[in-house]
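Colleague: Here it is, the structure in full.
The values are calculated or read from the model by the stated rules, or taken from the named source; none is laboratory data. Please read these numbers as outputs of a predicted model, since none were measured by experiment. Quick reminder, even Gly has a Cβ in these numbers, built from the backbone with ideal geometry, and neighbours come from all protein chains shown. Accessible surface areas use protein heavy atoms only, side chains included; no ligands, DNA or RNA. Shrake-Rupley method; radii C 1.70, N 1.55, O 1.52, S 1.80 Å.
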Amino acid sequence: MMDLLVNLYSRKLDDLRQRAEAVEAVIRVALPPEQHIVKDWVRTHFSEYWVSEVGAAMAHQPPGCLIAVVDGQLVGFACYDATARGFFGPTGVAESQRGRGIGLALFHRALVAMKAQGYAYAVIGSAGPVDFYVKAAGAMPIPSDNEDIYQGLLRIKPGAAG
């Protein structure tokens, strides 16, 4: 996995906006009283590490956690300023909802929020679907020597109690 850089002043974001507007989901900032619901959902669908990042993103004012809702149900989330300032992610969409553009819409709204808060660039740390980010927003790989912010991250060993 590699880190990517997104120019928040790129014209590619206009194309991204048009695609995101067509998505049939409500994308909005998660409210503090919903934090336990979002964390439980992320724990069920993704990982405890991402639950920690949701907590960090929710600690900001305004919260740096967006959610996607379809028919009153949480179906996705995206965070920014969680692991580090200027970082986008983590983000995820329920398996049953993938392919409907919800991840794209969450990504767009997070980038817009970051730009509104004064960022000129967003870093996508340890980006999973690199091609998605390159195509959606013109993200560019950040050269590194296999070193990133997650280097040395404490991890639970398989089979260990915890």
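Colleague: Along the Cα→Cβ direction, 7 angstrom out, place labels at Met1 and Glu95. What is the inter-label distance in nm?
Modeller: Each label point lies 7 Å from its Cα, and together they span 1.9 nm.
Colleague: Continuing with the same structure: Amide H to amide H, which residues 5 or more places from Ala94 or on other chains are under 5 Å from it, using H placed in the peptide plane?
Modeller: Under 5 Å from the amide H of Ala94 lie the amide H atoms of Gly76, each far enough along the sequence or on another chain.
Colleague: List the trypsin sites (Lys or Arg not before Pro) within the range 1-82 that DSSP assigns to loop and that have no more than 10 neighbouring Cβ atoms inside 10 Å.
Modeller: Taking the range 1-82 and a limit of 10 other Cβ atoms within 10 Å, the loop trypsin sites (Lys or Arg not before Pro) found are Arg11.
Colleague: What stretch of the chain, leaving out the sites themselves, is the longest with no GluC sites (Glu not before Pro) in a DSSP loop having at most 13 other Cβ atoms within 10 Å?
Modeller: 25-146
Colleague: If you roll a 1.4 Å probe over the heavy atoms of the protein chains, what accessible area per residue do you get for the chain, in Å²?
Modeller: 57 Å²
Colleague: Once you charge only the Cβ atoms, +1 for Lys and Arg and -1 for Asp and Glu, what is the size of the charge dipole of the range 44-116 about its Cα centre, to the nearest 20 debye?
Modeller: 280 debye
Colleague: Taking the radius of gyration and the Kirkwood hydrodynamic radius from Cα positions alone, what is the Rg/Rh ratio for the range 2-57, to two decimal places?
Modeller: Rounded to two decimals, Rg/Rh equals 1.07.
Colleague: Let me check I've understood the local charge: for Tyr133, count other residues with C-beta under 14 angstrom from its C-beta, Lys and Arg +1, Asp and Glu -1. What total comes out?
Modeller: 0
Colleague: Taking the Cα centre of the range 1-71 as the origin, how large is its charge dipole in debye, to the nearest 20, when only Lys and Arg (+1) and Asp and Glu (-1) carry charge on their Cβ atoms?
Modeller: Dipole of the range 1-71, to the nearest 20 debye: 180 debye.
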